[in-house]
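Comments concern the structure below.
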Amino acid sequence: MEHIPARRGRPPAGTLSAIAAEDIDAGEPVAVNEKGEVIPVVPAKRRRRASVGGHSQRLTAPERPGYTRRWVNDAENRIAEIDELAYEFVSERGIQTNDPSSRIARTVGTKPNGEPLRAYLMETPDELYAEGVAEKEAFNGKVDEAIRKGRYAEGHGGDTAFGSGSIKQVER
């Protein structure tokens, strides 16, 4: 079937689209079938798709009161590390997953060996999460203090001085 784009106004005399121009609205796409008849083209329905340039959150899950949830990639030793931080796998019904077990997981990429890389939904009680944040902040405070004094932080070389720079604090 030959496709003839519709034009505004009357088509030139003698063209195939001029045959049925009276029967078709201006601007409507048309085609010519095997018999030479001009017929309107009905556009196919498009399925909804994600916006190409927009932001979307693919790894979302409902919150659970009293718990902090996070997605953890099954890469290297990350699952074991986060397990030591008192996180447990979530196996709640009704959350989208693509893992055959009862764990909630989503494919997020490919491992170097070609296997799918999955992220698992894990959670920990809010109290334990707050303790972990406090420990991290305490360590970061020691590092900041060592930087201000011009020496390495505890666990990073002791009081060994380094460089000959200076740090000035700017009042804000």
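Here are a few things to note about the model shown:
- Over all other residues within a Cβ to Cβ distance under 12 Å of E137, the charged ones net out to -1, with Lys and Arg as +1 and Asp and Glu as -1.
- Spatial extent of segment 67-125: Rg and Dmax, with the Cα atoms as the point set, Å: 11.4, 35
- Extension gain from A86 to N33, taking 0.36 nm per residue of separation minus the Cα-Cα distance: 12.2 nm
Bear in mind these aren't lab numbers, they're just calculated from the coordinates by the rules spelled out. Being a predicted model, the structure only gives us computed values, none of them experimental. All Cβ positions, glycine included, derive from the backbone under ideal geometry; neighbour counts span all protein chains shown.
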